[in-house]
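S.K.: Before I ask anything, let me first share the structure, which is written out below as structure tokens.
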Amino acid sequence: MITAATTLAAVIGHPVRHSLSPVLHQAGFASLAVDWAYAAFDVAPGHADRALVAMDTLSIGGLSVTMPHKTQIAQCVGRLDPAAAALSSANTVSRDVDGTLVGHSTDGDGLVAALAAEGVTVTGVECCVVGAGGAGRSIIDALARHGAAGIAVINRDQQRAEEAARLGRGNAWVAESPSQAVRQAELVINATSVGMEGGDTALLPVDAVDLRPGQIVVDIVYQPRQTALLRAAEAAGARPIDGLGMLVHQAALQQQIWLGALPDVRAMRAAAEEELARRANNPAG
Ligand code: NAP
């Protein structure tokens, strides 16, 4: 029950109507038995600075930040944690004891935590990251911090690929031959929006012939859950992992930042799966 003592957290984005964050975070707060509630605010592009003022004025306890506000928030908060500073992008805002608003980035660490939950370590592993947007950059940064053996970067825009590879602490490079990079990798991660609902869901971000048995293939796209890439990975004898785990774990890490405790990720995942099933059965709702 929401009372006058309840602390509010929220996601800001545009559009934000179909965000799974409220469902995930409500389940997380319930698992921690804290008096927090979570809402979604549609904030027009360019107005993220006003959302930070509102956060202060309304004593909002924590903000999740999604497209297109991650860069502007990183510019407007009082301080950035090291991952957010390296990326110049923040997906989380917390309030320090002295009232300073602090920007964090949990996307890349969320993927690493999701893989760990599947029994997959990235330390010492040859990786290939396809995509150099916000998510791809945070994943390259996290893989490098967690000791990946090497990170081959593939992206349509070569300049963005080079900028992203620079986040790899000397251990990432732009792949000269995408085909060879995918074949050689033990862990292949799609961090592009290729295959996402709303676009051509039959499209593949890599050539299916380059996938092979023994590989782990992650698609961070989670709508649809079963992407064309994951089906191709399975057909090639590779192990497919979908993007819902990353979504759940990056949200759990946000709650750890706000509350100092990790929520029950299984309860959060179950709530997200239930909501996705509800939407699949009721596309108009
Ligand atoms: P973004 O910053 O807009 O980057 C988009 C990326 O996709 C860029 O690398 C872009 O390449 C590439 N791309 C787009 N269309 C392409 C096409 N037709 N062919 C080849 N490459 C194409 O977006 P983002 O925030 O990184 O998000 C990327 C995807 O990850 C989205 O689907 C998002 O929903 C998903 N995501 C999932 C999670 C999760 O928790 N599972 C978290 C964050 C994001 P160029 O640079 O060449 O344009």
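The values are calculated or read from the model by the stated rules, or taken from the named source; none is laboratory data. No experiment lies behind these values; they were computed from the predicted model shown. We place every Cβ from the backbone using ideal geometry, glycine too, and count neighbours over all the protein chains shown.
S.K.: Answer yes or no as to whether Leu187 is buried (at least 22 other Cβ atoms within 10 Å of the Cβ), touching a Cys at 6+ places or on another chain (Cβ under 9 Å) and of a type outside the set (Val, Ile, Thr).
M.R.: Here the answer is yes, as Leu187 does meet what is asked.
S.K.: I would also like to ask the following. Of all the helices (runs of 4 or more DSSP H) wholly in region 1-100, which have at least 3 residues that are within 23 Å of Arg269 (Cβ to Cβ)?
M.R.: Helices (runs of 4 or more DSSP H) meeting the threshold: 21-32.
S.K.: So Gln223 passes all but one of these: (1) of a type outside the set (Lys, Arg); (2) over 17 Å from Val120 (Cβ atoms); (3) modelled with pLDDT of 95 or more; (4) touching a strand residue (DSSP E or B) at 6+ places or on another chain (Cβ under 8 Å). Which condition number does it fail?
M.R.: It fails just one condition, (3).
S.K.: Quick one: which residue in Val218, Val206 is buried (at least 21 other Cβ atoms within 10 Å of the Cβ), assigned to a strand (DSSP E or B) and either modelled with pLDDT of 95 or more or away from the ligand (no atom under 16 Å from the Cβ) (or both)?
M.R.: Just a single option satisfies the conditions, and that option is Val218.
S.K.: Name the single residue, out of those in region 155-202 being modelled with pLDDT under 95 and in contact with a helix residue (DSSP H, G or I) (Cβ under 7 Å, 6 or more places away or on another chain), that is nearest to the ligand (Cβ to nearest atom).
M.R.: My answer is Gly195.
S.K.: Moving on. Given the residues Leu230, Leu247, which is the only one that is free of Cβ contacts under 8 Å to residues at least 24 places away in the same chain, buried (at least 20 other Cβ atoms within 10 Å of the Cβ) and within 30 Å of Tyr38 (Cβ to Cβ)?
M.R.: Every option except Leu230 fails the conditions.
S.K.: Are there any pairs, at least 6 apart or on different chains, whose C-beta atoms fall under 7 Å, with the first in region 68-86 and under 13 Å from Gly108 (Cβ atoms) and the second β-branched (Val, Ile, Thr), and if so, which?
M.R.: Asp81/Val102
S.K.: Considering region 120-150 alone, what residues qualify as being free of Cβ contacts under 8 Å to residues at least 60 places away in the same chain and part of a helix (DSSP H, G or I)?
M.R.: Listed by number, the residues that qualify are Gly136, Arg137, Ser138, Ile140, Asp141, Ala142, Leu143, Ala144.
S.K.: Evaluate region 87-98: report whether one residue or more is more than 16 Å from the ligand (Cβ to nearest atom), surrounded by fewer than 16 Cβ atoms within 10 Å (Cβ to Cβ) and either among the polar types (S, T, N, Q) or within 22 Å of the chain's Cα centre (by Cα) (or both).
M.R.: The answer is no, given that none of the residues of region 87-98 is more than 16 Å from the ligand (Cβ to nearest atom), surrounded by fewer than 16 Cβ atoms within 10 Å (Cβ to Cβ) and either among the polar types (S, T, N, Q) or within 22 Å of the chain's Cα centre (by Cα) (or both).
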